[in-house]
Amino acid sequence: MNIVNNPDARVAVFAGSFDPYTIGHDDIARRALRLFDRLVIVVAVNPEKHYMFPTEERVAAIRELYKDDPRVSVVVNDGMTVDIAVKVGAQFQVRGVRSTIDFEYERVEADYNRNLGNLETVLLYARPQFSSVSSTAYRQLVYFHKEAEAQRLLPTINTQHPLTPNTHHL
């Protein structure tokens, strides 16, 4: 049976604003694919938050990165992660952790998600080379006109082309 359509498949969601989607996010997603049959990357939208990249560009960039892997899908969600997890049939949520601060935050969120929808959280610790990579760091580098350094935080489709949502925002 095809893994993508298997009702017994282990499905996980990986949610975040991904503004932008970094090499750290990509590493967590690719490592999660070794644990789960399907991964649904959820681009979260919060109307109270200001984003550098429009939702459509963030989604398109992530889809481009995984276009050849049928186990990965990308969706937009403006609600709670636990609700989209139920909608896509996920029993697990993957989260990346870079520090003890991330861990404490994720521990509380894991309790909420387990209580609200029986969604189990799986924490994947950032590899040391990605422990300081973040979307915030990218945006700060761009703000201070350090575009070359910022580009190093983004995944590449090949060695010459960083996967940047529409680069006119730089």
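Where does each of 54-62, 9-17, 104-112 land if you order them by average Cβ count within 10 Å, highest first?
Ranked from most to least packed, the peptides come out as 9-17, 54-62, 104-112.
On average over all directions, what projected area in square nanometres does the chain have, based on the convex hull of its Cα atoms?
10.1 nm²
Treating the beta-carbon of each Lys and Arg as +1 and of each Asp and Glu as -1, no other charges, what is the dipole magnitude of the chain about its Cα centre, to the nearest 20 debye?
Computed charge dipole of the chain: roughly 340 debye.
Give me the distance between the Cα centres of segment 105-131 and segment 8-38, rounded to whole Å.
12 Å
Sorted by packing (mean other beta-carbon atoms within 10 Å per residue), highest first, where do 145-151, 27-33 land?
My ranking of the peptides, most packed first, is 27-33, 145-151.
For n ≥ 4 DSSP H runs only, could you compute -39500 (n - 2.57) per run for the chain, divide by its residues and tell me the 222 nm figure to the nearest 500?
Numbers: 6 runs with 61 residues, N = 170.
Only helices count here, giving -10500 deg cm²/dmol.
How large a share of the accessible area of the chain, in percent, is made up of carbon and sulfur atoms when the probe is 1.4 Å and the other protein chains stay in place?
Of all accessible area on the chain, carbon and sulfur atoms account for 52 percent.
In segment 69-143, with Lys and Arg counted as +1 and Asp and Glu as -1 at Cβ, which of these residues, Val133, Gly89, Tyr105, has the Cα nearest the positive end of the dipole, that is, farthest along it?
Val133
Counting heavy atoms of the protein chains only and a 1.4 Å probe, report the per residue accessible area for the chain as a whole number of Å².
57 Å²
The values are calculated or read from the model by the stated rules, or taken from the named source; none is laboratory data. What you see is a predicted model, and the numbers here were worked out from it, not measured in a lab. As a convention, Cβ positions derive from the backbone with ideal geometry for all residues, glycine included, and neighbour counts pool all protein chains shown. Please note that ligands, DNA and RNA were not included when accessible areas were found on the heavy atoms of the full protein model with its side chains. Shrake-Rupley method; radii C 1.70, N 1.55, O 1.52, S 1.80 Å.
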